[in-house]
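Comments concern the structure below.
The values are calculated or read from the model by the stated rules, or taken from the named source; none is laboratory data. From a predicted model like this one, the values you see are computed outputs, not experimental measurements. Cβ: placed from backbone, ideal geometry, glycine included. Neighbour counts: every protein chain shown. Heavy atoms of the whole protein, side chains included, go into the accessibility calculation; ligands, DNA and RNA do not. Shrake-Rupley method; radii C 1.70, N 1.55, O 1.52, S 1.80 Å.
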Amino acid sequence: MTIEQQLTEQVRLIVKELYGIDADNKQIQLQKTRPEFEGQLTLVVFPFVKAARKAPAQVAQEIGERLMDRLVARFNAVQGFLNLVIADEYWVNCLTDIAADEQYGITPVTDKSRLMMVEYSSPNTNKPLHLGHVRNNLLGWSIAQIQEANGWKVVKTNIVNDRGIHICKSMLAWLRYGNGETPLSSGKKGDHLIGDYYVRFDKEYRKQVAELVADGMDEETAKKEAPLMKEAQAMLVRWEHNDPEVRALWKQMNDWVYAGFDETYRMMGVSFDTIYYESNTYLEGKAEVERGEREGLFYRRPDNSVWADLTADGLDEKLLLRSDGTSVYMTQDIGTAKLRFRDYPIDKMVYVVGNEQEYHFKVLSILLDRLGFPFGKELVHFSYGMVELPNGKMKSREGTVVDADDLMAQMIADAKEISKDKVLRLTGITDEEQNEIARKVGLGALKYFILKVDPRKNMLFNPEESIDFNGNTGPFIQYTYARIRSVLRKADEMVLPPYDGVTIENKEGELIQRITEFPSVVRQAGDDFSPAVICNYAYALAQAFNSFYHDFSILNEPDDAKRAFRVQLSRVIARTIAQSMKLLGIEVPERM
């Protein structure tokens, strides 16, 4: 229980006894004491003045006198504000208790039947992962860590979009223009190689459309009649009919892509407990759509396509099967949901997908409910904003994306260059250790910059800002951790006495108070599905420690008990920073 919670309970009892007030949490207002007054917390007493029929200053004085115990050492009343100085004994005991709990703030998974599935990544096998995928993966991974820290058993899952017209475009372009090129022969990662052919398809397709338009055809008709597009559509039909030649090519090219994805995921530091593939789930979806048609839930148009009429739900009509019998994304998602709830006893299903898909998931929820699946209405779409660039949006088919592999490599290279002077001052560091520090700092900068933004907002990614060692950045927090670890390594060589009865400074009390807030911060981040809450907390804690470090000595403090207390305080702060960053998927270097 935090100091605020304990004081709230005491105040509730006091105002009941003194004034007959049954106060609720809204009436008991505690806030940080303003710097010009002595104290750590201030109680606003105005809500009790009317019932007490006394002046605000007198009410503050009376409540303050009753609060004087092991929690409150002294107080001062300024009009309707009661400034409280928390007793040193409380802060010292609080630090000792927190230090003894290695998992302070983390709720262990005790009820394994309470299961949450978190879906993220959802790549297409026609292109490598890009900056948009980076935000998706980092959010998904962090949300999973935060929910586990709140006692959920979490299954991290991925749905790979490995079939469809976009996949056929890459396959066709490789057949037409690849000359048998492979990842091995080209020296390219498989996902990059296939992505190049997706761009090549678009380039050649545009040429064909332009030629048809030049011959007098209108543009919309030209887009449909272009030979390449017709070939790609025919290939998709052949794939759905299990054509052995098309299927063999599809498997070969997908295997190249998966190897590339795995490499990217390893570098990013994310993984999955289970992976579903659209090529397996779409058939389940088609079967459900056909069942829905037989039961009158959906209808078939004269061109043989199947639709859902959602006008009664305030939406429009939704295509579920094309006229040639091929499925769409919605079909696949119906099948995937059915299989997941068959495979796992899921209590909460969370889709980490961009906000441009809000309509899609609204429709999916309605369709699953209409098909009779009890979980339909309970699906959670964690809708996040897009990552924007200074020069506009990314377009995969035009080859203008910010590639995830290139981005991570550049961040690591920048970190190595920027931190070179700091690292070189470390004695006995090897090139391998230097590279490892650069990796942690570069990726930490990228992850923190993306996760510190409210996930529901669009964001502008700025690599230079993200890697700054000052300000609200990952490297600043990592450097603070490394600074504390340097102090602790020296402290490990000392014999330190008990610190019971030590008097503490105001900034030390503030630091302990911040640490006591960690459990509630983790809960809030879980309730809000917001890693940004953890980011803000970690930054504020690092700032507060650096302010304390600037004003007070730790190892050179002449009083032995105070020195021991400050070492313990530093140790707990380092642990709390490390736990916070772990929830964000960020590693913290021991030395920087």
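For the chain, the relative contact order comes to 15 percent (Cα pairs under 8 Å, sequence separation of at least 6). Taking every DSSP beta bridge that has both ends in the chain, the antiparallel portion is near 50%. Relative to one another, the C-alpha centroids of segment 188-243 and segment 36-99 are positioned 73 Å apart. Taking max minus min of the alpha-carbon positions on each principal axis, segment 445-540 gives extents of 52, 30, 20 Å, largest first.
In segment 263-308, the alpha-carbon atoms span a convex hull of 129 Å³ per residue. Amide H to amide H, with H built 1.01 Å from N, Asp403 comes under 5 Å of no residue 5 or more places away or on another chain.
Can you give the convex hull volume per residue for the Cα atoms of segment 62-145, as a whole number of Å³?
Dividing the Cα hull volume of segment 62-145 by its residues yields 230 Å³.
Counting every alpha-carbon pair across segment 480-592, the share separated by more than 19 Å comes to 47%. Per the 1.4 Å probe, what fraction of the accessible area of the chain, in percent, lies on carbon and sulfur atoms? Ligands and nucleic acids excluded, carbon and sulfur give 49 percent. The equivalent ellipsoid that matches the C-alpha gyration tensor of segment 160-264 spans semi-axes of 27, 16, 11 angstrom, in descending order.
Wrap a convex hull around the Cα atoms of segment 329-371, take a quarter of its surface area, and give that in square nanometres. Dividing the Cα hull surface by four gives the mean projection, 3.2 nm².
Treating each Cα of segment 105-234 as an identical point scatterer and summing with the Debye formula, the log10 of I(q)/I(0) at q = 0.10, 0.13 Å⁻¹ comes to -0.52, -0.71. Expressed in Å, the radius of gyration and Dmax of the Cα atoms of the chain are 29.8, 93. Between the residues Asn556, Gln252, Pro108, the greatest Cα displacement towards the positive end of the dipole of the chain, with unit charges on the Cβ of Lys, Arg, Asp and Glu, is found for Pro108.
Dividing the Cα radius of gyration of segment 154-206 by its Kirkwood radius returns 1.09 for Rg/Rh. Could you tell me which residue out of Ala538, Thr336, Phe81 lies farthest along the dipole of the chain toward its positive end? Charges go on the beta carbon: Lys and Arg +1, Asp and Glu -1, centred on the Cα centre. Checked the options; the winner is Phe81.
Size descriptors for segment 530-579 (Cα atoms only): Rg and Dmax, in that order, 12.7, 43 Å. When the helices of the chain are scored as -39500 (n - 2.57) per DSSP H run of n ≥ 4 and the total is divided over every residue, the value at 222 nm lands at -18000 deg cm²/dmol. Compute the whole-percent fraction of alpha carbon pairs in segment 20-116 spaced more than 24 Å apart. Value for segment 20-116: 40 percent of Cα pairs lie more than 24 Å apart.
Applying both filters, DSSP loop and at most 16 other Cβ atoms within 10 Å, to the GluC sites (Glu not before Pro) of segment 475-539 gives Glu493, Glu505.
Averaging Cα coordinates gives a centre for segment 292-336 and one for segment 522-562; these two points are 54 Å apart. Dipole magnitude for the chain: about 280 debye, using +1 per Lys or Arg Cβ and -1 per Asp or Glu Cβ, origin at the Cα centre.
So with the 1.4 Å probe, I'd like the accessible area per residue for the chain, rounded to whole Å².
45
Taking Cα centre as origin and charging only the Cβ of basic (Lys, Arg, +1) and acidic (Asp, Glu, -1) residues, the dipole magnitude of segment 173-259 rounds to 320 debye. Computed over segment 224-355, the P(r) curve from all C-alpha pair distances, binned at 10 Å from the origin, holds 10, 29, 36, 21, 4, 0 percent per bin.
Here the Karplus relation 6.51 cos²θ - 1.76 cosθ + 1.60, evaluated at θ = phi - 60°, turns the backbone of segment 151-164 into coupling constants of x, 7, 7, 10, 10, 8, 10, 9, 10, 8, 7, 9, 8, x Hz, with x for every Gly and Pro. Positive-end ranking of Ala173, Trp152, Ser121 along the dipole of segment 63-182, with charges on Cβ about the Cα centre, is headed by Ala173. State which entries of Lys16/Lys50; Lys153/Lys457; Lys127/Lys338; Lys169/Lys230 exceed 19 angstrom in Cα-Cα distance in the structure shown. From Lys16/Lys50; Lys153/Lys457; Lys127/Lys338; Lys169/Lys230, over 19 Å: Lys153/Lys457; Lys127/Lys338.
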